[in-house]
Amino acid sequence: MTDPINQINLVRPGGVATVAFADGGETMRICLGYLHDPDDGLLAEMKANRDPVPWQSSKVRDEAIGAVERRKDLDVETRTQLLDWIVATPYFEDT
């Protein structure tokens, strides 16, 4: 098993990283990140209707929901759609 102390996680601008998980690695969203990142930002994911990247935990997902609710740079329709998208996205562990 890999020692987690020696793990390096590089978080992409959209808040996605491959994290040591069980006996390998899993790609997951570990923070809200830059919504407009064309590669893995939440808005790009939602607008392209791609399979959503799972959240690391329910806590991280809930923090993202709160952050989107507080953002002032989103119009009401986009905010509503994005919140629905986030709520429907699964997560790996409940912390």
Starting from segment 24-82, pick out the trypsin sites (Lys or Arg not before Pro) whose DSSP state is loop and whose Cβ has at most 15 other Cβ atoms within 10 Å. Arg50, Arg71, Lys72
Around Asp40, which amide H atoms from residues at least 5 apart in sequence, or from another chain, sit under 5 Å from its own amide H, with H modelled in the peptide plane? Gly14
In the P(r) worked out for segment 2-90, what percent of Cα pairs fall beyond 19 Å? 37
Helix-derived [θ] at 222 nm for the chain: sum -39500 (n - 2.57) over DSSP H runs of at least 4, divide by residue count, nearest 500? -10000 deg cm²/dmol
Where the centroid of each part is defined by its Cα atoms, how far is segment 24-47 from segment 59-73 in Å? 14
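No value in this document is a laboratory result; all are computed from the given coordinates. A quick note: this is a predicted structure, and the numbers were derived from the prediction, not measured. Here Cβ is always computed from backbone atoms with ideal geometry, including for glycine, and neighbour counts include all displayed protein chains.
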